[in-house]
Amino acid sequence: MAAVKPKKLTYSTTIFFLLLLSCSAALTGPRTRPRPRPCKRLVFYFHDILYNGHNSHNATAAIVGSPAWGNRTILAGQNHFGNIVVFDDPITLDNNLHSPPVGRAQGFYLYDKKDIFTAWLGFSFVFNSTEHRGSINFAGADPLMNKTRDISVIGGTGDFFMTRGVATLMTDAFEGEVYFRLRADIKFYECW
């Protein structure tokens, strides 16, 4: 009896088997990974007081850019589209504006949609106290009409060196277009 020679797999046969494996993996559904737990969690409040032409003694934010139809002391109509605001807001541990600040929120927000009330944020929490030193950097879209919004923690310095994570923002209070307070629930997923 003669020995049977094994057949060589061709390139197309190999591709066929790989496609078959990937299709069977797709049919079994997505693999769910357990969500990672944060390595650190912090909650702060920051208080934004927009300059309105009369409150220069306590304003912490100012309109620095406006559309052609706007001005720099009143936010533009049409969901404030085109306004750019810079801020240097106090950060507190509770929602009281008169609590001692533990740092400053410094950066800008711009209103970037005409048909929906939304903004884009780029800012840092800057700390120089006995409890925290350094900064936490944030960036992302802020759909203001949502009760909570997530923005990215994109890095940090000092005590927060190279941190990454998510900050869940919630509008805690607002008074017209002059004052608002945001609660920032920060969850770090990369800690050093």
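The values are calculated or read from the model by the stated rules, or taken from the named source; none is laboratory data. Because the structure is predicted, anything quoted here is derived from the model rather than measured. Using ideal geometry, Cβ is built from the backbone for each residue, glycine included, and neighbour counts are taken over all protein chains shown. Note: areas computed on protein heavy atoms with side chains; ligands, DNA, RNA excluded. Shrake-Rupley method; radii C 1.70, N 1.55, O 1.52, S 1.80 Å.
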Check: Quick one: which of 176-183, 135-142 comes out on top by average Cβ neighbours within 10 Å, and what's the full order, highest first?
Finding: 135-142, 176-183
Note to self: Can you compute the modelled spin-label distance between PHE174 and GLU131, with each label point 7 Å from Cα toward Cβ, in nm?
What the structure shows: 2.7 nm
Checklist line | Placed amide H near ALA173: partners under 5 Å, 5+ positions off or other chain | finding: ARG181
Notebook entry, point to check: How big is the Kirkwood radius of the range 60-139, worked out from every pair of different alpha carbons and given in Å to one decimal?
Noted result: 13.9 Å
Note to self: Rounded to the nearest 10 Å², what accessible area does GLU175 have for a 1.4 Å probe in the complete protein model?
What the structure shows: 120 Å²
Item checked: Magnitude of the charge dipole, the range 75-192, Cβ model with Lys/Arg +1 and Asp/Glu -1, debye to 20 -> 180 debye
Notebook entry, point to check: What is the calculated FRET efficiency for ASN146 to VAL43, with r their C-beta to C-beta distance and R₀ = 22 Å, to the nearest 0.05?
Noted result: 0.75
